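Peer 1: Here's a structure for you.
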Amino acid sequence: MAWLSSLVNAALEKCAVTTPAQLRATGILSMNCRNLNYISRYNPRHLLPLVDDKLTTKRMAEKAGVEVPKLIAVIEYQSDIRNLKSILAPLQQFVIKPAKGSGGKGILVITGRDGEHFIKASGDSLSFDAISRDVSNILGGLYSLGGKTDLAVIESLIQADPIFNDYSFEGVPDIRVIVFRGFPVMAMMRLATRASDGKANLHQGAVGVGLDIATGHSLRSVQRGQPVRQHPDTGHDFTALKVPHWHKILSLSAACFEMTHLGYLGVDLVLDRNLGPLILELNARPGLAIQIANGQGIEPRLKTIEALRQHDLPIAERVAFSQKHFEALTSES
Amino acid sequence: MRETMKGRFQLGVMITLLILAGLGLTLYKHFVLGFPLLGKDTSTVWSIEAWVSFKAQGGTAQASLTLPDQQSDVWIMDESFASPGYGINQINDGGQRRAVWSIRKANGRQDLFYKVRLRQQPGGPTVNDQPEPFITPVLPEPYQTAAQSLLNTVTEGSADASSFAGTLLSHFNASKPDQNVNMLLGMVEEGVKAPDLLINLLHMANIPARIVRGLQLEDGRRRQPIVDMIEVYDGENWQLFDPRTGQSGNAENFFLWQRGAKSLLDVMGGINSDVNFSIISQQIPTRELALTQATQEQAALIDFSIYALPLEAQNAFKIILLIPIGVLVVLFMRIIVGLRTSGTFMPVLIAMAFLQTQLLPGLVIFISLVSIGLWIRSFLSQQNMLLVARLGAVIIVVILLMAAMSILSWKLGITQALTVTFFPMIILAWTIERMSILWEEEGPGDVLKEGGGSLLVATLSYLLMSSRIVEQLTFNFPELMLTLLGIVLLLGQYTGYRLLELKRFYPLVRAARQPR
């Protein structure tokens with residue numbers, strides 16, 4: 001029997017396929033398990049609108065004193081598009097996003113102006129008409145779940161901290177922290193590449209860098225599931241990457257639990273040059289790719305939190321707990 | 001935590017109950033009500049017509065005919081009488097049903113008909129009939145002596161009642177009968193019926209026996225006479241013997257019309273009476289048979305089911321009942337395999353369209369419609385317009401495309417493309433819209449991936465839904481939907497890895513292994 005299993009393993013290895021037993025041993029959370037055991041158990045449905053609507057999230061965060069990019073304007077009705085020109089007139093840089101969009105869809109980033117035209121993050125130039133068409137699409141529900149009518153939110157553009165300039169090709173790198181019952185459990189940084197078209201979206205080819213919860217130091221980096229050492233466009237080595245304001249980032253993320261009461265939450269942050277860490281958006285169904293970026297399964301950490309006797313600790317204690325228990329194994333060995 | 005455990009337990013019980021109920025009802029319908037599970041779809045139904053004829057003599061006429069009874073291996077589906085001007089009565093004459101035709105005044109030739117439809121069905125209720133007591137007969141000499149000596153010989157060469165009967169018959173059917181048999185056959189020449197003689201001989205040996213009458217079931221037989229057979233009681237069952245061949249056993253396709261020696265037909269007020277039988281067999285769908293039978297027996301399961309609906313509604317249900325199969329395929333591909341499709345249950349709707357168009361034409365039509373639609377949609381997206389209006393425009397364009405496709409293909413003589421109308425156009429329009437957004441946002445690669453996933457799932461659903469076995473099972477046993485529901489609930493509990501995740505997380509497992 002032993003030779004048979006080794007034969008099967010060799011064949012699987014060749015096809016780059018693993019087995020459920022290996023995945024379980026690595027503690028990898030599956031999509032089904034995430035949906036059933038974590039999202040449906042810890043994220044009550046009636047709370048989901050809080051994070052599905054970015055405008056609500058933003059207002060809630062402002063009320064809770066959690067830092068977010070500044071809100072400039074909200075376009076609610078198609079007829080309001082007439083005012084768009086006057087709203088945009090004084091702005092050099094801004095972001096327009098659908099309030100109920102998901103997965104970064106429909107987000108328009110304008111980094112500058114060229115006379116009448118607007119310059120996108122990718123360098124393309126857009127006419128005002130193109131922008132108002134985009135806003136009209138947003139309001140029509142093109143990017144919202146189920147095609148419901150939506151709002152367009154105009155907010156200030158983040159001035160990315162130059163510390164990451166060497167690591168990102170265009171676009172603003174963002175940091176994703178998974179917060180489970182108020183405890184930060186896993187983190188990664190997403191860096192745009194030429195292949196991802198300046199978007200920090202992993203499945204479009206952005207680089208994911210796993211971060212040590214204890215220190216904010218990079219652990220490992222992957223692009224399209226494969227480990228990489230250097231940024232494919234800038235050539236910069238990821239091993240030296242260390243995220244500043246790490247403790248602040250963890251505290252901000254953990255605070256989102258009190259704000260939303262969602263038990264299983266993905267918190268997306270950005271580092272602003274002047275303002276430091278800002279909450280960009282919250283996600284009640286964070287993806288599983290963070291495990292690949294970290295080279296580690298998330299399930300053992302979730303189990304550790306679940307096994308705790310007391311969960312309603314102050315933010316500082318929760319962060320300290322996570323930093324103590326989820327320190328990267330590699331630093332020990 | 002305890003709450004969830006309790007919830008899980010309740011759900012587990014529910015799932016088990018649903019699956020068992022579905023399977024149980026199905027098996028009940030199969031084994032008790034006789035619905036065909038799979039395979040042979042038709043069964044033979046025999047139609048036997050008894051034609052009684054006699055010459056009436058101008059006065060009151062009455063004819064009575066023995067009617068067949070429900071028997072253990074035969075199910076009588078229905079019977080009917082045809083006889084102009086006659087009153088018909090069914091009477092019970094010592095445990096045997098008889099039909100009595102009577103008329104006050106009749107003259108000349110009279111024709112009366114009795115028609116019965118029946119189906120051979122093994123494993124029916126056993127008829128309990130014990131032999132009646134009889135008096136040992138005494139034959140006139142010299143036959144009595146010959147009979148005694150023959151019976152002694154036979155007793156020596158046999159062990160029990162049935163072997164006794166077999167041996168006795170073989171003596172009578174021997175090519176050179178011995179002296180005693182020859183003597184007894186003399187009685188037959190004197191006018192005693194051979195079966196009656198054999199019964200007497202068996203009774204003399206103290207073996208319960210009786211004459212039965214029946215018909216050999218053969219398709220297309222006309223003017224068939226009724227055949228006399230002998231039944232011998234072996235202490236537990238009646239064994240059937242053919243007096244002409246000495247063969248034992250329940251002869252295949254022998255339909256018992258009457259037990260006992262009473263006359264088959266009695267006619268009063270007429271002469272030259274005769275009864276003839278004609279037999280035809282029909283192939284009838286087994287399901288229909290089971291339905292008729294169940295309706296007659298008033299099985300509640302059938303009475304309150306979709307079979308009670310008009311035929312048209314039933315046909316609609318035939319397709320609707322296939323949807324859960326498609327749903328199951330979608331769930332399986334999502335939860336177990338992890339395939340991405342555009343629109344959760346859209347593949348089921350496409351598969352239903354495929355059922356009308358067949359697979360290949362369906363795929364061709366679908367892909368070409370969506371491609372042309374995408375091309376037109378890309379033109380529309382350059383125009384500044386509201387989303388709802390654009391969706392509406394896409395729907396109208398899809399309809400125009402369908403019409404164009406139908407007309408063009410009709411002129412070209414490709415009739416298959418006419419089935420294009422079976423595609424739900426709202427679904428098509430939504431698919432086009434979704435695909436075009438996907439194209440703009442994620443690029444053509446994702447469109448191919450998602451579209452391909454949808455078509456793959458649709459094709460798999462189609463292949464399952466178009467299978468005859470599946471169609472038969474879902475329509476004949478809608479109870480199976482309970483089982484499907486149970487399986488769906490069970491799938492909803494699956495927290496294991498998806499097949500595609502085994503590939504997705506492969507680099508991770510390798511990375512986790514390396515440092516050690």
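Peer 1: Taking segment B:493-503 as the search range and keeping residues that are in contact (Cβ under 8 Å) with a residue 24 or more places away in the chain and not basic (Lys, Arg), which one is surrounded by the most Cβ atoms within 10 Å (Cβ to Cβ)?
Peer 2: B:Glu501
Peer 1: Please find, among B:Leu484, B:Leu463, the residue that is more than 8 Å from chain A (Cβ to nearest Cβ), more than 30 Å from A:Arg220 (Cβ to Cβ), crowded, with 17+ Cβ neighbours inside 10 Å and more than 22 Å from the chain's Cα centre (by Cα).
Peer 2: Testing whether each residue is more than 8 Å from chain A (Cβ to nearest Cβ), more than 30 Å from A:Arg220 (Cβ to Cβ), crowded, with 17+ Cβ neighbours inside 10 Å and more than 22 Å from the chain's Cα centre (by Cα) leaves just B:Leu484.
Peer 1: Also, quick follow-up: Count, please, the residues in segment B:25-75 that happen to be of a type in the set (Lys, Arg) and surrounded by 15 or more Cβ atoms within 10 Å (Cβ to Cβ).
Peer 2: Residues flagged as of a type in the set (Lys, Arg) and surrounded by 15 or more Cβ atoms within 10 Å (Cβ to Cβ) within segment B:25-75 amount to 2.
Peer 1: Let me spell it out: the conditions are (1) touching an Asp or Glu at 6+ places or on another chain (Cβ under 8 Å); (2) within 14 Å of chain B (Cβ to nearest Cβ), and A:Phe94 meets all of them except one. Which number is the exception?
Peer 2: Failed condition: (2).
Peer 1: Related question: Cβ contacts < 7 Å: first residue aromatic (Phe, Trp, Tyr), restricted to segment A:100-126; second residue in a strand (DSSP E or B) and surrounded by 14 or more Cβ atoms within 10 Å (Cβ to Cβ), any location; separation 6+ or different chain. Result?
Peer 2: So the pair list comes out as A:Phe118/A:Ile110; A:Phe118/A:Ser125; A:Phe118/A:Leu126.
Peer 1: How many residues, within segment A:74-106, are of a type outside the set (Val, Ile, Thr) and more than 23 Å from the chain's Cα centre (by Cα)?
Peer 2: Total meeting the criteria: 15.
Peer 1: Return the residues of segment A:1-20 that are at the interface with another protein chain (Cβ under 10 Å from one of its Cβ atoms) and either over 17 Å from A:Leu288 (Cα atoms) or of a type in the set (D, E, K, R) (or both); say none if nothing qualifies.
Peer 2: Result: A:Leu12, A:Glu13, A:Cys15, A:Ala16, A:Val17, A:Thr19.
Peer 1: Another question about this same structure. With the condition kept exactly as written, say whether any residue in segment B:422-440 is free of Cβ contacts under 8 Å to residues at least 40 places away in the same chain, within 14 Å of chain A (Cβ to nearest Cβ) and at negative phi.
Peer 2: Scanning segment B:422-440, I find at least one residue that is free of Cβ contacts under 8 Å to residues at least 40 places away in the same chain, within 14 Å of chain A (Cβ to nearest Cβ) and at negative phi, so the answer is yes.
Peer 1: Next question, about the same structure. Take the residues in segment A:206-236 that are crowded, with 16+ Cβ neighbours inside 10 Å and hydroxyl-bearing (Ser, Thr, Tyr), then tell me which one is nearest to the other protein chains (Cβ to nearest Cβ).
Peer 2: A:Ser221
Peer 1: Can you list residue pairs whose Cβ atoms sit under 7 Å apart, with the first residue in segment A:156-173 being at positive phi and the second being surrounded by fewer than 18 Cβ atoms within 10 Å (Cβ to Cβ) and outside any helix (DSSP H, G or I)? Count only pairs 6 or more apart in sequence or on different chains.
Peer 2: A:Glu170/A:Ser122
Peer 1: Can you tell me how many residues within segment A:30-68 are among the aliphatic types (A, V, I, L, M) and within 14 Å of chain B (Cβ to nearest Cβ)?
Peer 2: Residues in segment A:30-68 being among the aliphatic types (A, V, I, L, M) and within 14 Å of chain B (Cβ to nearest Cβ): 3 in total.
Peer 1: How many of the residues making up segment B:305-347 are farther than 29 Å from B:Ile367 by Cα and touching a residue at least 24 places away in the same chain (Cβ under 8 Å)?
Peer 2: Selection size over segment B:305-347: 2.
Peer 1: Right, another one. Look at B:Gly451 and say whether it is assigned to a helix (DSSP H, G or I) and either in contact with an Asp or Glu (Cβ under 6 Å, 6 or more places away or on another chain) or closer than 30 Å to A:Asn35 by Cβ (or both).
Peer 2: Considered against the rule, which asks whether it is assigned to a helix (DSSP H, G or I) and either in contact with an Asp or Glu (Cβ under 6 Å, 6 or more places away or on another chain) or closer than 30 Å to A:Asn35 by Cβ (or both), B:Gly451 comes out as yes.
Peer 1: When segment B:432-458 is examined, which residues are found to be crowded, with 18+ Cβ neighbours inside 10 Å and within 22 Å of B:Ile320 (Cα to Cα)?
Peer 2: Across segment B:432-458, the qualifying residues are B:Ser454, B:Leu455, B:Val457, B:Ala458.
Peer 1: Look at A:Ala73 and say whether it is facing chain B (nearest Cβ under 7 Å) and more than 22 Å from A:Arg181 (Cβ to Cβ).
Peer 2: Judged against the criteria, A:Ala73 is not a match.
Peer 1: Answer with yes or no whether B:Ala159 is part of a helix (DSSP H, G or I) and either surrounded by 16 or more Cβ atoms within 10 Å (Cβ to Cβ) or free of Cβ contacts under 8 Å to residues at least 60 places away in the same chain (or both).
Peer 2: It is false that B:Ala159 is part of a helix (DSSP H, G or I) and either surrounded by 16 or more Cβ atoms within 10 Å (Cβ to Cβ) or free of Cβ contacts under 8 Å to residues at least 60 places away in the same chain (or both).
Peer 1: With the structure loaded, tell me whether B:Tyr494 is among the hydroxyl-bearing types (Ser, Thr, Tyr) and not in a helix (DSSP H, G or I) or whether it fails that test.
Peer 2: yes
Peer 1: Which of (1) assigned to a helix (DSSP H, G or I); (2) within 13 Å of chain B (Cβ to nearest Cβ) is the odd one out, the single condition A:Thr239 does not satisfy?
Peer 2: Looking at each condition in turn, A:Thr239 falls short on (2).
Peer 1: Continuing with this model, one more query. What residue, among those in segment A:103-123 that are touching a strand residue (DSSP E or B) at 6+ places or on another chain (Cβ under 8 Å) and part of a loop (DSSP other than H, G, I, E, B), is farthest from the other protein chains (Cβ to nearest Cβ)?
Peer 2: Top of the filtered list is A:Ala121.
Peer 1: Okay, moving on. Quick one: which residue in B:Leu33, B:Leu112 is closer than 28 Å to B:Gly486 by Cβ and hydrophobic (A, V, I, L, M, F, W, C)?
Peer 2: Every option except B:Leu33 fails the conditions.
Peer 1: Among (1) buried (at least 17 other Cβ atoms within 10 Å of the Cβ); (2) touching a helix residue (DSSP H, G or I) at 6+ places or on another chain (Cβ under 9 Å), there is one condition A:Glu116 misses while meeting the rest; what is its number?
Peer 2: (1)
Every residue, every condition in (1) under 30 Å from B:Phe277 (Cα atoms); (2) at pLDDT 80 or above; (3) touching a Phe, Trp or Tyr at 6+ places or on another chain (Cβ under 7 Å); (4) not basic (Lys, Arg), yes or no:
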site	(1), (2), (3), (4)
B:Gln144	no, yes, no, yes
B:Leu150	no, yes, no, yes
B:Asp160	no, yes, no, yes
B:Ser170	yes, yes, no, yes
B:Leu197	yes, yes, no, yes
B:Met204	no, yes, no, yes
B:Ile207	no, yes, yes, yes
B:Arg210	yes, yes, no, no
B:Asp219	yes, no, no, yes
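Peer 1: Take segment B:454-486 and flag every residue that is in a helix (DSSP H, G or I) and of a type in the set (Asp, Glu).
Peer 2: B:Glu471
Peer 1: Could you pull out every one of the helices (runs of 4 or more DSSP H) wholly within segment A:246-333 that has 1 or more residues that are surrounded by fewer than 19 Cβ atoms within 10 Å (Cβ to Cβ) and more than 13 Å from chain B (Cβ to nearest Cβ)?
Peer 2: Ranges flagged: A:246-260, A:299-306, A:315-325.
Peer 1: Something else: Quick check: anything in segment B:206-226 assigned to a helix (DSSP H, G or I) and closer than 28 Å to B:Leu65 by Cα?
Peer 2: No, every residue in segment B:206-226 fails to be assigned to a helix (DSSP H, G or I) and closer than 28 Å to B:Leu65 by Cα.
Peer 1: Inside segment B:4-94, counting only strands (runs of 3 or more DSSP E) that do not spill past its ends, which hold 1 or more residues that are of a type outside the set (A, V, I, L, M, F, W, C), away from every other protein chain (no Cβ under 14 Å) and free of Cβ contacts under 8 Å to residues at least 40 places away in the same chain?
Peer 2: B:74-82, B:87-93
Peer 1: If a residue must be in contact with a helix residue (DSSP H, G or I) (Cβ under 6 Å, 6 or more places away or on another chain), within 11 Å of chain B (Cβ to nearest Cβ) and part of a strand (DSSP E or B), how many such residues does segment A:124-169 contain?
Peer 2: 0
Peer 1: I would also like to ask the following. Which condition breaks for A:Leu202 when tested against (1) surrounded by fewer than 21 Cβ atoms within 10 Å (Cβ to Cβ); (2) modelled with pLDDT under 85; (3) touching a helix residue (DSSP H, G or I) at 6+ places or on another chain (Cβ under 8 Å); (4) not basic (Lys, Arg)?
Peer 2: That leaves (1) as the condition not met.
The values are calculated or read from the model by the stated rules, or taken from the named source; none is laboratory data. Values in this document were obtained by computation on a predicted structure and should not be read as measured data. Heads up, the Cβs are rebuilt from the backbone with ideal geometry, glycines too, and the neighbour counts pull from every protein chain shown.
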